[in-house]
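Data block below; observations after.
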2 protein chains.
Amino acid sequence: MKRMFFQNLEQAVCNHTLPLTTLIDELAFNQQGLVPVIAQDSNSGEVLMLAWMNKTSLEQTLATGRMTYWSRSRNALWIKGASSGHYQQLQSLRVDCDGDALLCRVIQQGAACHTLRKSCFYIEADPANHSAVITSSG
Amino acid sequence: MKRMFFQNLEQAVCNHTLPLTTLIDELAFNQQGLVPVIAQDSNSGEVLMLAWMNKTSLEQTLATGRMTYWSRSRNALWIKGASSGHYQQLQSLRVDCDGDALLCRVIQQGAACHTLRKSCFYIEADPANHSAVITSSG
């Protein structure tokens, strides 16, 4: 998974800059041309969802400020909120040390989850009781 | 990506419980038998890293309370911190609405990133300036 480009960045000091197009070109998209994207509420810090972007959706997200994913089920660009109104406004976008994951802080309009829960992560393991629990109602 | 099991959970109310083994059996592991896992600092809310688990590493994580991933580069179980001492103690583990991503809140010993930065997400896009910036030194 290691890429020389990102290994070379490891020693870079704080505030070192590089061209954005270079960074995007070096991202480690998977065999389907996708990278996983974490959407985090920029106000509360709550992790809202994990979805996927291809290069086009990433570029569109950066250009428009509206989170735009790649829908693997529909095989199409997916402007989050286009049908529900639950848009996500991009506040910051970060790349990880291996260049194979993105973290986006967003302002979430309404619910992130299609079940109308705030976050998609609403099923919590309770290993002490060999069970799992639903943490919020839809 | 939709699975009937998770569709049926969508209408479940808060505090509804189910067997943990059932939930794990129904997870949507990908063709490599893996799911992406977000590790979030349980104190600060900072997103630390994204890694991958197979079923065995998930079960070991739940049994031991120590975050155990699947290393795709080494093709082996990876107890985070086993070589660096930078263990992650599991505080909570959640599954998302599609059953294809996990969110773990952890207590991080030392740095999450192998560059000794707190978080792996240290490269931030600056689209207004067509650049990206390193946000912390290694």
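The values are calculated or read from the model by the stated rules, or taken from the named source; none is laboratory data. Everything numeric in this text was worked out from a predicted model, so none of it was measured. A quick note on method: Cβ atoms are made from the backbone with ideal geometry, for glycine too, and the neighbour counts reach across all protein chains shown. Side chains included, ligands, DNA and RNA excluded: accessible areas come from the protein's heavy atoms. Shrake-Rupley method; radii C 1.70, N 1.55, O 1.52, S 1.80 Å.
Observations
- With protein chains left intact and a 1.4 Å probe, residues in the protein assembly as shown average 45 Å² of accessible area per residue.
- When B and A come together, around 4900 square angstrom of accessible surface is lost from both chains combined, probe 1.4 Å.
- Of A:ASP98, A:ASP25, A:ASP126, the one that fluctuates the most in a GNM where chain A has Cα springs shorter than 10 Å: A:ASP126
- Label distances, nm, A:PHE29 versus same residue in remaining copies, Cβ-directed 7 Å point: 2.8
- q = 0.08, 0.09, 0.16 Å⁻¹, the protein assembly as shown: log10 I(q)/I(0) [Debye, one scatterer per Cα]: -0.31, -0.39, -1.34
- Per-residue [θ]222 nm for chain B (sum of -39500 (n - 2.57) over DSSP H runs n ≥ 4, rounded to 500): -4500 deg cm²/dmol
- Helix A:55-64 and the longest principal axis of the Cα set of chain A meet at an angle near 80°.
- Here the label points at A:ILE107 and B:THR64, each 7 Å from Cα along the C-beta direction, are separated by 4.4 nm in the simple model.
- A simple count of charges around B:ALA51, restricted to other residues whose Cβ falls under 13 Å of its Cβ and scoring Lys, Arg +1 and Asp, Glu -1, yields 0.
- The apolar share of the surface of the protein assembly as shown, taken as the fraction of accessible area on carbon and sulfur atoms (1.4 Å probe, ligands and nucleic acids excluded), comes to 47 percent.
- Peptide B:13-23 is shielded by partner chain Cβ atoms: per residue, an average of 5 of them sit within 10 Å of its Cβ.
- Computed label-point distance, nm, for sites A:THR17 and A:SER73 using a 7 Å Cα→Cβ extension: 4.1
- For chain B, the Kirkwood estimate of the hydrodynamic radius, built from every pair of different alpha carbons, is 16.4 Å.
- Taking the Cα atoms of the range A:90-138, the ratio Rg/Rh between the radius of gyration and the Kirkwood radius comes to 1.13.
- Rounded to 5, the percent of DSSP beta bridges in the protein assembly as shown classed as antiparallel: 85
- Peptides A:11-18, B:90-97 ranked from most to least packed, by the mean per-residue count of other Cβ atoms within 10 Å: B:90-97, A:11-18.
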